[in-house]
Amino acid sequence: MTKYVYAFDEGQKDMKDLLGGKGANLSEMKRLGLPVPDGFTITTEACIEYLKNGEKLADEVQNQLETQLAAFSERTGKAFSSNDHLLLVSVRSGAKISMPGMMDTILNLGLNDENVEKLAAKTGDARFSYDCYRRLLQMFGEVVYHIPMSAFDTYFNAYKQSHGYENDADIPAEGLKEICEHYKTVYIEEVYKPFPQAPIDQLREAIEAVFKSWDNDRARVYRDLNEIPHDIGTAVNVQEMVFGNSGPKSGTGVAFTRNPVTGEAQLFGEYLLNAQGEDVVAGIRTPKDIATLQAQMPHVHQAFVEVSEQLEAHYKDMQDIEFTIENEKLYILQTRNGKRTAKAAIQIAVDLVDEGVITKEEAMHKVDVKSIDTLLHPTFKDEALEVAEVISKAGLPASPGAATGKIVFSAEAAQLQAEQGEKVILMRPETSPEDIEGMIASEAIVTTHGGMTSHAAVVARGMGKCCVTGCSDLEINTKEKIVSYAGKTLQEGDMVSVDGAKGDLYVGEIETTSAEHSEAFEQFMQWAEDVARLNVRMNAETTPDIEAGYQFNAKGIGLVRTEHMFFGAERLVEMRRFILSSDDATRKAALDKIRAYQTEDFEQIFRLSGERPTIVRLLDPPLHEFLPKSEDEIQNVAQQLAIPVEKLNKRILELHETNPMLGHRGCRLAITYPELYVMQAEAIMNSVAQLQQEGIHCQPEIMIPLVSTVEEFKILQTQIVEAIQRIETTTDQTLHFLMGTMIETPRACMIANELAEVCDFFSFGTNDLTQLTYGFSRDDAGKFINEYLNQQILEVDPFQTLDVNGVGALIKMAVEQAKQVNESIKIGVCGELGGDPKSIHHFNKMAIDYVSCSPFRVPGAILATAQSVVESER
Ligand code: PEP
Ligand code: MG
């Protein structure tokens with residue numbers, strides 16, 4: 001027979017699945033001998049069955065409830081019907097993971113017209129007794145029958161006002177009695193049925209209300225947001241009441257064993273005398289600092305300090321404790337691991353290790369990878385956000401940060417205004433590689449289209465720049481230079497603020513707090529590196545990005561995307577000259593110029609990298625991305641390059657591709673234009689030779705993208721090696737380098753053994769590999785992927801989190817094959833998945849050496865790699 005109801009002394013802390021977090025911890029505290037009011041828990045299994053059975057409490061659950069209630073009465077010596085030993089209980093929900101949005105608490109359950117008099121007689125305090133009753137009537141009405149709070153509050157406040165009572169505590173017993181009478185009529189008016197007088201009916205209805213609240217909309221939304229499964233149900237805790245509102249020697253409060261904002265190791269909390277739980281939360285009376293309890297009730301304070309120390313030592317983590325004082329006796333009503341800011345999480349983890357409470361390995365799971373981001377970027381002040389006007393909350397949090405600036409609608413305007421010292425926010429329907437300089441010049445980028453792996457998102461994350469994509473509720477008119485939202489418009493030059501961590505936009509300038517790195521942060525990250533197996537490199541090519549990545553302890557560069565080096569104004573002209581000219585001499589001259597620019601750029605990159613490995617990927621995008629698009633631009637370029645407009649248009653037409661992502665790009669470019677890759681390889685190795693003369697021994701790793709046959713690789717490898725040999729001859733130096741390929745096509749995975757024979761390294765480009773495995777265009781998938789997630793066709797967006805069975809299986813197979821033929825081959829991952837914690841857990845299980853991600857994702861990735869090791873050893 002399934003056991004659905006557990007007395008507190010039958011459970012323990014490991015039974016969270018069945019008893020929920022609250023129930024398991026109440027049991028555990030009971031076992032530890034702490035002053036916990038007695039009670040019992042109805043299991044999550046009972047909830048799951050209740051919902052499955054069409055919201056009907058099974059007979060077996062009802063039977064066990066009655067049996068447990070009798071045993072409970074026996075233990076406490078109290079009963080719902082007793083005159084002298086009246087039983088009153090609280091009913092509280094408690095899922096495995098604490099979850100706002102569900103029904104929470106009903107206090108004083110068991111009171112009715114008869115029992116309220118008994119309680120008054122027993123305590124000799126009719127005011128207290130009726131105060132409890134009116135609270136029950138209101139809470140029960142709200143949470144069980146969904147009567148609006150205002151139906152009670154409006155009357156209560158009007159009553160106070162018309163009788164001249166300033167505080168709740170001024171209302172005498174008679175007044176509260178009158179209020180209770182009125183509250184009962186509210187039931188009839190609102191739900192056409194009376195307040196249930198039988199305590200057992202109250203209890204049953206309250207339990208059912210908790211079960212039902214598991215499925216309400218708010219709870220579902222919360223679970224979706226926090227990736228909590230929908231089928232685990234909630235437990236219900238029924239606990240004997242203790243009364244914090246039974247006089248001046250009673251009270252109630254909440255305390256954290258350490259400061260949840262800063263992490264400081266000091267008790268942090270508040271309490272109210274003569275109050276019940278909801279008074280503290282409601283904020284009508286201002287609670288007092290827990291420290292003042294020492295003066296008011298020294299014994300109780302001392303007892304609480306001891307309990308909090310015991311609980312923290314037992315749970316090996318900062319605790320969030322609810323307590324009640326009844327006539328100077330302390331009761332503990334709940335304990336759980338306390339929620340905390342990222343800053344506090346790091347401080348607490350480091351302190352707990354220093355205090356010898358936990359190991360470095362255990363510390364790794366005390367900090368949430370996602371929260372690390374908030375430590376690296378400035379954030380808006382919460383108080384300021386509360387009063388700010390919202391423009392949009394529909395966008396995706398593509399790249400964290402808090403940025404403020406004037407709206408611009410084009411990359412050119414961004415650059416122009418930034419040059420004049422303005423801070424600008426670039427707003428576009430979407431961005432493309434040619435917007436790169438405008439993006440660099442902007443404080444933040446906002447797009448109305450595109451998802452988390454759109455061009456804007458990837459590039460912005462790479463730059464550590466604040467970015468919000470897919471604000472579908474905004475309309476951007478780049479011609480008129482206006483953006484419309486909720487019936488209003490903003491124009492170029494208007495000030496807005498962008499919260500990249502949340503995906504929100506606000507009108508005006510909002511105050512920020514800046515990121516700082518504490519000693520604790522440095523220490524914690526050092527431990528993470530000690531624990532981790534996988535290395536973490538960065539994807540970066542600009543000086544600020546590379547510097548940021550190395551500051552975060554990246555172990556090298558996993559991807560320099562060289563195409564970004566072609567988009568500076570002077571370079572673009574030369575690139576266009578190369579593409580558009582049919583005359584060999586002109587093309588060669590253009591390439592010579594580009595080579596010189598690139599040599600300078602690479603020298604800068606290798607200087608920053610020093611002797612750390614640096615992968616340079618040779619040119620990847622289709623050539624048409626370098627060509628002008630609008631008519632004005634075409635006119636300008638024709639003039640600049642002295643080509644007739646017709647000829648230019650003809651060439652543009654020739655280069656047009658129907659599916660450019662599957663077209664003439666990656667290594668295919670170099671098969672038709674070998675001089676492009678040779679030029680780039682020369683630029684790389686010229687700069688390496690230069691640095692070698694200065695005594696800096698770089699580790700260049702030359703990477704050929706989008707390979708799908710070994711022949712492609714071999715042909716290009718031969719040309720590149722010959723070019724490097726020529727440099728060795730002219731500079732009279734031996735130059736060391738590795739050559740490898742990106743694995744981005746499913747075919748490359750299938751022939752990984754052949755490729756591994758000729759490659760020194762592989763780097764999985766999971767953006768393209770996902771695109772090509774699914775056949776989902778990464779630029780267009782935003783149009784349908786949400787619907788796929790809604791309909792649960794996909795569990796996760798495969799561009800953000802590894803598709804284990806498809807793309808993951810291809811990678812696993814390729815890694816195994818490669819290592820079989822070339823044991824020393826270095827293998828990395830440089831697509832967006834390289835910075836995703838869940839994907840990293842899978843990569844950690846394969847013979848992969850490192851992951852590579854945007855500089856600002858490096859600390860999070862380091863922590864994720866450490867957590868994977870700890871998890872796999874559990
Ligand atoms: C990839 O395809 O995963 C990759 C890193 O290359 P890009 O995003 O530049 O196509
Ligand atoms: Mg790619």
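Observations on the structure shown:
- Calculated FRET efficiency for the pair Q526/E711, C-beta based, R₀ 51 Å, to 0.05: 0.65
- Normalised size of segment 632-687, defined as Cα radius of gyration per 2.2 N^0.38 Å with N residues, equals 1.48.
- Calculated P(r) of segment 296-344 - Cα pairs past 17 Å, %: 39 percent
- Each principal axis of the Cα cloud of segment 581-626 was evaluated for its coordinate range; sorted largest first, these ranges are 41, 21, 12 Å.
- Per-atom-type breakdown for segment 1-158 gives carbon and sulfur 49% of the accessible area (1.4 Å probe, protein chains only).
- Average accessible surface area per residue within segment 778-824, 1.4 Å rolling probe, Å²: 62 Å²
- Mean residue ellipticity (222 nm) of the chain, computed from DSSP H runs ≥ 4 via -39,500 (n - 2.57), nearest 500: -14500 deg cm²/dmol
- Volume of the convex hull of segment 173-292 (Cα atoms only), normalised per residue: 190 Å³.
- Taken over the Cα atoms of segment 233-384, the convex hull encloses 153 Å³ per residue.
- Radius, Kirkwood style, for segment 304-378 when every pair of distinct Cα atoms is counted (Å): 13.8 Å
- For R778, no residue whose modelled amide H falls within less than 5 Å of its own remains once neighbours fewer than 5 places apart on the same chain are excluded.
- Between helix 298-315 and the chain there is an angle of about 40 degrees, using the helix long axis and the longest principal axis of the Cα atoms.
- Applying D = kT/(6 pi eta Rh) to segment 766-874, where Rh is the Kirkwood radius over alpha-carbon pairs, T corresponds to 37 °C and eta to 0.692 mPa s, the Stokes-Einstein value obtained is 223 µm²/s.
- Values of log10 I(q)/I(0) for segment 420-573 across q = 0.17 Å⁻¹ run -1.11, by the Debye formula with one identical scatterer at each alpha carbon and no solvent.
- Using only the C-alpha atoms, the convex hull of segment 6-57 corresponds to 64 Å³ per residue.
- With a simple spin-label model that places each label point 7 Å from the Cα along the Cα-to-Cβ direction, the separation between K629 and D217 comes to 3.8 nm.
- For the pair M813 and H314 in one chain, pulling the backbone fully straight at 0.36 nm per residue adds 175.2 nm over the alpha carbon distance.
- The label-point distance for T672 and D231, in a model that sets each label 7 Å from Cα toward Cβ, rounds to 5.1 nm.
- Sorting F856, F72 on solvent-accessible area from highest to lowest, probe radius 1.4 Å, gives F856, F72.
- Equivalent-ellipsoid semi-axes of segment 407-507, from the Cα gyration tensor, Å, largest first: 18, 16, 12
- Counting 0.36 nm for each residue step from N636 to H736 and taking away their Cα separation leaves a gain of 31.7 nm.
- The phi torsions of segment 152-168, fed into the Karplus equation with coefficients 6.51, -1.76 and 1.60 and a -60° offset, translate into couplings of 8, 4, 4, 5, 4, 5, 5, 4, 4, 5, 5, 9, x, 8, 7, 10, 4 Hz, rounded to whole numbers, with Gly and Pro shown as x.
- 5 angstrom amide H check on D803, placed H, neighbours 5+ away: G808
- Within segment 796-867, the trypsin sites (Lys or Arg not before Pro) that combine a DSSP coil assignment with at most 16 other C-beta atoms in a 10 angstrom radius are K845.
- For the chain, the longest principal axis of the C-alpha atoms and the axis of helix 858-873 are separated by about 60°.
- Too-long pairs where the Cα-Cα distance tops 25 Å, listed order kept, from K370/K555; K555/K812; K339/K502; K339/K783; K249/K343: K339/K783; K249/K343
- Annotation: S609 carries an accessible surface of approximately 0 Å², with a 1.4 Å probe and no ligand, DNA or RNA atoms counted.
- The angle separating the long axis of helix 113-123 from the principal Cα axis of greatest extent in the chain is about 80 degrees.
- Across all C-alpha atoms in segment 1-130, the radius of gyration and Dmax reach 16.0, 47 Å.
- If you sort W527, W214 by accessible surface, 1.4 Å probe, largest first, the order is W527, W214.
- Alpha-carbon Debye profile of segment 791-840, log10 I(q)/I(0) at 0.29 Å⁻¹: -1.13
- Theoretical FRET efficiency, 1/(1+(r/R0)^6), r = Cβ-Cβ of E434 and R607, R0 25 Å, to 0.05: 0.35
- A cut-off of 5 Å between modelled amide H atoms, ignoring neighbours fewer than 5 places along the same chain, links G558 with M538, N539, A540, I615.
- Extension reserve of the T292-S82 stretch, reckoned as 0.36 nm per residue once the Cα distance is removed: 71.8 nm
- With all pairs of different C-alpha atoms in the average, the Kirkwood value for the hydrodynamic radius of segment 71-228 is 16.9 Å.
- For segment 625-766: accessible area per residue (Å², 1.4 Å): 44 Å²
- Of the trypsin sites (Lys or Arg not before Pro) found in segment 456-551, the ones in coil according to DSSP and having at most 15 other Cβ atoms within 10 Å of their Cβ are K479, R533.
- Pairwise label distance in nanometres, Y165 with E190, each label 7 Å out on the Cα-Cβ vector: 1.9 nm
- Kirkwood Rh in Å, taken over all unlike Cα pairs in segment 662-770: 14.5 Å
- Two-decimal Rg/Rh across segment 744-803, once Rg and the Kirkwood Rh are taken from alpha-carbon atoms: 1.09
- Over segment 247-392, accessible surface divided per residue gives 46 Å², non-protein components excluded, 1.4 Å probe.
- Debye intensity ratio I(q)/I(0), log10, the chain, q values 0.04, 0.09, 0.11 Å⁻¹ (C-alpha model): -0.25, -0.99, -1.28
The values are calculated or read from the model by the stated rules, or taken from the named source; none is laboratory data. Predicted, not measured: the structure shown is a model, and the values here were computed from it. With ideal geometry, Cβ positions are generated from the backbone for all residues, glycine too; neighbour counts draw on all protein chains shown. Note: areas computed on protein heavy atoms with side chains; ligands, DNA, RNA excluded. Shrake-Rupley method; radii C 1.70, N 1.55, O 1.52, S 1.80 Å.
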